[in-house]
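Data first, discussion second: the structure below is written as structure tokens.
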Amino acid sequence: QVIARRGRGMMQEAAALLASIREVGDAPSGTLRVVLPVGLPPHVLTPLFAAVRRAYPRLHVHCRFSNDPLGEALTDIDIAVHFGEDAPGGHWISHVVLRVREWLIAARAYLDERGTPQTIEDLKHHELFAWQAPGEDARVWRTWRGASFTVEPTLIATDIHFIRHCCISGLGIGLIPDALLPDPGLGPDALVPVLPDVVGQERPVRLSVPAMLSEIPKIKMVVERVRASLGQIQG
């Protein structure tokens, strides 16, 4: 089985290499195939796309969203954006481009009505929403000290932005990755952290490229452009 998996991986890499567009010239052109996690906020993706278009006007982007970006076939990917502390094994070259906090958020109106939890035990009396990360149990939450505890969420979803909007609407408390950027049309206090020094963890955001495509100039240039743009957004 191990040999079979390695064989499939090599075949996928070879097919990806043959399928990738390799234009001759200084500026990237052709089509760049990008897969991203479901639920990234549009107001973050829009300036990134604008930056790539300004820098490389001959480049077209085919963007897809997936619950598990690394689970997609290598033949369909030039760049995968995903969360993960460790670099993916096997046929990938990976870069950490951003580190975001995963923590609890809620609308101030919800907390005014239901009360603000002061302990982990208090969470049992609230509507809880959980993001389903690939390969993880959404019912197991972590503390900043590295411990874990189990909850019974009323909503589990792979779409981060959907959970965030449920929180904005005052429906409950959500545990999601948060880039700490303002939501369009909302005041800075529309969402507030809950137990910010107790519950949560850091989530690295990675750009991963199939290993056999990693030295193609088109892909290298776009990866560097996105890394620089994300640094400006976070800074």
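Readers should treat all values here as calculations from the given coordinates under stated rules, not as data from a laboratory. This one's a predicted model, so the numbers in the text were calculated from it and none came from an experiment. We place every Cβ from the backbone using ideal geometry, glycine too, and count neighbours over all the protein chains shown.
Points to keep in mind about this one:
- Each residue of segment 211-216 was assigned a 3J(HN,Hα) from its phi angle through the Karplus curve 6.51 cos²θ - 1.76 cosθ + 1.60 (θ = phi - 60°); the sequence is 3, 6, 9, 5, 9, 5 Hz, with glycine and proline shown as x.
- Gyration tensor (alpha-carbon) shape descriptor, segment 33-166, a/c threshold 1.5: prolate
- Rounded if a/c under 1.5, otherwise prolate or oblate - segment 100-203, Cα gyration tensor axes: rounded
- Average silhouette area of the chain, convex hull of alpha-carbon atoms, in square nanometres: 14.0
- Close amide H contacts of THR158 (hydrogens built in the peptide plane, cut-off under 5 Å, sequence separation of 5 or more or a different chain): GLN132.
- Summed side-chain charge close to VAL151 - residues other than VAL151 whose Cβ falls under 10 Å, Lys, Arg +1, Asp, Glu -1: +1
- Using R0 = 30 Å, the C-beta based FRET efficiency linking ASP122 and ASP183 works out to 0.70.
- Distant-in-sequence amide contacts of PHE83, defined by a placed amide H-H separation under 5 Å and a gap of 5 or more residues or a different chain, comprise ARG206.
- Rounded FRET efficiency, nearest 0.05, which uses the C-beta distance separating THR31 from GLU202 and R0 of 35 Å: 0.55
- Sparse-neighbour loop sites [trypsin sites (Lys or Arg not before Pro); segment 42-146; at most 13 other C-beta within 10 Å; DSSP]: ARG58, ARG145
- For GLY170, the shell of other residues with beta-carbons less than 15 Å away shows a net charge of -2, using +1 for Lys and Arg and -1 for Asp and Glu.
- Straightening the chain between GLU152 and GLU215 buys 18.1 nm, computed as 0.36 nm per residue apart minus the Cα-Cα spacing.
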